[in-house]
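Working notes, beginning with the structure itself.
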Amino acid sequence: MKKLSVILIFWMACATASMAQQAFKHLRYDENYSFLKDSSRSWYEQMKYMPRQPSAKSYLSFGGEVRYQYFKFNNEAWGDAPEDIDGYLLNRLLLHADLHLGRRVRVFTQLQSSVAAGRIDPSPVEMNPLDLHQIFLDVALASSAEWSVVSRVGRQEFNYGSSRLVSTREGPNNRQSFDAAKVMLKHGHVKADVFFADYVQSRDGIFDDKFLNDNVKFGGAYFTATDIPVLKNVDVYYLGIEKKKTTWSDVTGHERRHSVGTRLWSSASRLQYDVEAVFQFGDMEDNSIRAWTLSYNLNYALGKGDAAPTIGLKTELISGDKNKGDGKINSFNPLYPRGAYFGYAALIGPSNLFDIHPSLALPLCTSLSFSLDYDIFWRYSSDDGIYNPGTQVIYPSGDSRDRFIGHQISGTFEFAPNKFIYLRSETTWFKSGEYLKAVGSGKDIFYTGITTTFRF
């Protein structure tokens with residue numbers, strides 16, 4: 001693994017002299033290198049576009065990513081986890097092949113290897129030595145200049161909207177995927193996806209992430225309309241999940257939960273906004289589910305151009321269980337959110353929470369930026385606990401009526417000299433509040449993390 005990583009890094013360094021013009025996508029299967037067919041290509045661009053027949057309608061493309069992360073915690077889990085004096089190293093390798101067979105058929109495959117070195121008791125999102133992360137077949141059922149209909153069947157990544165409910169889980173070491181059947185429609189400024197899926201459960205072994213998960217069923221429809229007068233961009237969606245066994249607050253059992261939501265957003269001007277509201281209903285054993293969340297994210301650039309500083313303010317209201325034993329579950333289920341929800345430290349997940357989050361982003365030069373984030377957390381309901389990003393309970397409500405969880409301050413440097421290389425250094429200090437001191441050790445957390453990513 002280490003030798004392969006070194007070889008790929010060397011390739012990246014050489015390739016910077018002859019970069020293809022297209023930037024890498026967060027979802028690598030969204031990249032299209034057919035624009036290279038009529039150009040004189042370097043060795044790197046030949047790897048990105050390899051015609052399979054004289055007409056060049058069929059081609060093969062290769063790509064991947066190598067990521068190293070070093071993390072060091074003082075008082076991890078607020079002092080209630082084993083102390084790791086030296087820190088630990090995470091390594092992720094992603095390799096993909098994208099085969100286009102004419103204009104209507106396409107096969108995409110991707111391997112993922114996630115390794116945790118020096119980590120005490122690594123979790124499934126940190127350790128998965130080697131597995132088939134994606135393999136799917138696309139068939140264009142209809143296509144024209146104005147609209148298209150594409151079916152996609154197989155193991156695949158999902159990422160919708162702001163990634164608050166359905167994401168690739170980019171922050172943690174192991175990205176998540178789904179065994180799914182999906183139909184994608186595009187017409188003008190409107191896009192619509194309808195899908196039914198099984199969540200892929202990560203396992204600590206080689207090629208042992210089984211197809212079809214009997215415990216979890218997931219489906220939904222997601223609609224996006226862009227360039228709308230006044231509203232700019234609108235998302236409307238339905239997401240349904242069924243779990244045979246899960247736990248919320250003091251209830252364990254079979255969960256059937258439906259989420260309906262809408263999102264208004266704009267990122268095309270100095271003033272950028274993202275407002276989202278979700279309501280959840282359903283049942284779990286003999287309990288009815290009634291949960292909700294409301295969030296907004298506002299950013300304003302203090303000038304024109306990429307060099308302008310940006311100030312931001314984000315806040316979220318996320319429901320928690322109100323009264324134990326009342327036959328109702330009010331804890332919000334964030335489904336499959338991005339793992340690093342409040343920074344790479346990923347200390348708290350988006351359930352039973354109220355937070356206020358001002359921020360400042362300061363470009364230092366073309367490729368280097370600094371950001372400062374200050375987050376203040378409260379429990380929304382004093383009768384519910386706090387959860388990690390994977391919706392597992394960190395601390396139950398206990399006997400504490402205190403709502404205040406704590407302050408979190410983070411400073412981050414990001415360096416991206418070109419599209420192949422990305423470096424990030426983050427330092428976070430979490431000052432524990434009264435609730436954490438009442439239900440646990442309540443020590444302050446100091447965290448530092450360094451991320452190096454090479455893409456090709």
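The values are calculated or read from the model by the stated rules, or taken from the named source; none is laboratory data. These numbers were taken from a predicted model, which means no experiment stands behind them. Backbone-built Cβ (ideal geometry, glycine too); neighbour counts: all protein chains shown. Only protein heavy atoms, including side chains, enter the accessible area calculation; ligands, DNA and RNA are left aside. Shrake-Rupley method; radii C 1.70, N 1.55, O 1.52, S 1.80 Å.
Out of all the residues in region 271-278, is one or more crowded, with 17+ Cβ neighbours inside 10 Å, touching an Asp or Glu at 6+ places or on another chain (Cβ under 7 Å) and at pLDDT 90 or above?
no
Restricting to region 279-295, and then to whatever is under 20 Å from Tyr341 (Cβ atoms) and out of contact with any Phe, Trp or Tyr (no Cβ under 7 Å at 6 or more places or on another chain), can you tell me which residue is least open to solvent (accessible area, probe 1.4 Å)?
Ser295
So Arg106 ticks every box in (1) in a loop (DSSP other than H, G, I, E, B); (2) without any contact (Cβ under 8 Å) to a residue 40 or more places away in the chain but one. Which box is left unticked?
Just one mismatch for Arg106, condition (1).
Could you tell me whether Gly154 is in contact with a strand residue (DSSP E or B) (Cβ under 6 Å, 6 or more places away or on another chain), closer than 25 Å to Gly205 by Cα and surrounded by 15 or more Cβ atoms within 10 Å (Cβ to Cβ)? I'd like the intermediate steps shown before the answer.
On the way: in contact with a strand residue (DSSP E or B) (Cβ under 6 Å, 6 or more places away or on another chain): yes; closer than 25 Å to Gly205 by Cα: yes; surrounded by 15 or more Cβ atoms within 10 Å (Cβ to Cβ): yes.
Judged against the criteria, Gly154 is a match.
Condition first: in contact with a strand residue (DSSP E or B) (Cβ under 8 Å, 6 or more places away or on another chain) and closer than 21 Å to Gly171 by Cβ. Can you find one or more residues in region 49-61 that meet it?
Among the residues of region 49-61, not one is in contact with a strand residue (DSSP E or B) (Cβ under 8 Å, 6 or more places away or on another chain) and closer than 21 Å to Gly171 by Cβ, which makes the answer no.
Looking at the structure I just gave you, is Leu364 free of Cβ contacts under 8 Å to residues at least 12 places away in the same chain and either open to solvent by 60 Å² or more (accessible area, probe 1.4 Å) or within 20 Å of the chain's Cα centre (by Cα) (or both)?
Criteria met by Leu364.
When region 305-330 is examined, which residues are found to be farther than 22 Å from Ile356 by Cβ, among the hydrophobic types (A, V, I, L, M, F, W, C) and touching a residue at least 60 places away in the same chain (Cβ under 8 Å)?
If the condition is that a residue be farther than 22 Å from Ile356 by Cβ, among the hydrophobic types (A, V, I, L, M, F, W, C) and touching a residue at least 60 places away in the same chain (Cβ under 8 Å), then Ile329 is the only one that fits.
Run down Asn128, Asn159 and say which single residue is in contact (Cβ under 8 Å) with a residue 60 or more places away in the chain, open to solvent by 30 Å² or more (accessible area, probe 1.4 Å) and polar (S, T, N, Q).
On inspection, the qualifying residue turns out to be Asn159.
Only one of Val216, Val236, Val260 is among the aliphatic types (A, V, I, L, M) and surrounded by 18 or more Cβ atoms within 10 Å (Cβ to Cβ); which? Spell out the reasoning first.
On the way: Val236 fails: surrounded by 18 or more Cβ atoms within 10 Å (Cβ to Cβ); Val260 fails: surrounded by 18 or more Cβ atoms within 10 Å (Cβ to Cβ).
Exactly one residue qualifies, and that residue is Val216.
Residue check, Phe413 against (1) hydrophobic (A, V, I, L, M, F, W, C); (2) surrounded by 15 or more Cβ atoms within 10 Å (Cβ to Cβ); (3) modelled with pLDDT under 95, all met but one. Which one?
(3)
Identify, please: which residue in region 135-189 is at positive phi and not charged (D, E, K, R) and is, among those, modelled with the highest pLDDT?
Gly154
Collect the residues in region 202-256 that are within 14 Å of Ile289 (Cα to Cα) and more than 24 Å from the chain's Cα centre (by Cα), keeping them in residue-number order. Step through it out loud before you land on a result.
Filtering region 202-256 for residues within 14 Å of Ile289 (Cα to Cα) gives 240-243, 246-256.
Selection gives Ser249, Asp250, Val251, Thr252, Gly253, His254.
Report whether or not Lys186 is open to solvent by 100 Å² or more (accessible area, probe 1.4 Å) and without any contact (Cβ under 8 Å) to a residue 12 or more places away in the chain.
Answer is no for this residue.
Report the residue count in region 66-81 for those that are open to solvent by 10 Å² or more (accessible area, probe 1.4 Å) and assigned to a strand (DSSP E or B).
Residues of region 66-81 that are open to solvent by 10 Å² or more (accessible area, probe 1.4 Å), as a first pass: 68, 70-77, 79-81.
Then drop every residue that is not assigned to a strand (DSSP E or B), which leaves 68, 70-74.
So the count comes out to 6.
Considering region 337-362 alone, what residues qualify as being more than 16 Å from Arg424 (Cβ to Cβ), touching a strand residue (DSSP E or B) at 6+ places or on another chain (Cβ under 8 Å) and part of a strand (DSSP E or B)?
Matches in region 337-362: Leu353, Phe354, Asp355, Ile356, His357, Pro358, Leu360.
This table checks each residue for (1) in contact with a Phe, Trp or Tyr (Cβ under 6 Å, 6 or more places away or on another chain); (2) among the acidic types (Asp, Glu); (3) modelled with pLDDT under 95.
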site: Asn91; (1), (2), (3): yes, no, no
site: Leu94; (1), (2), (3): no, no, no
site: Ala97; (1), (2), (3): yes, no, no
site: Gly102; (1), (2), (3): no, no, yes
site: Gln112; (1), (2), (3): no, no, no
site: Gly118; (1), (2), (3): yes, no, yes
site: Ser123; (1), (2), (3): no, no, yes
site: Glu126; (1), (2), (3): no, yes, yes
site: His133; (1), (2), (3): no, no, no
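Mind checking which residues of region 382-402 are farther than 14 Å from Asp250 by Cα, over 23 Å from the mean Cα position of the chain (by Cα) and crowded, with 16+ Cβ neighbours inside 10 Å?
Ser400, Asp402
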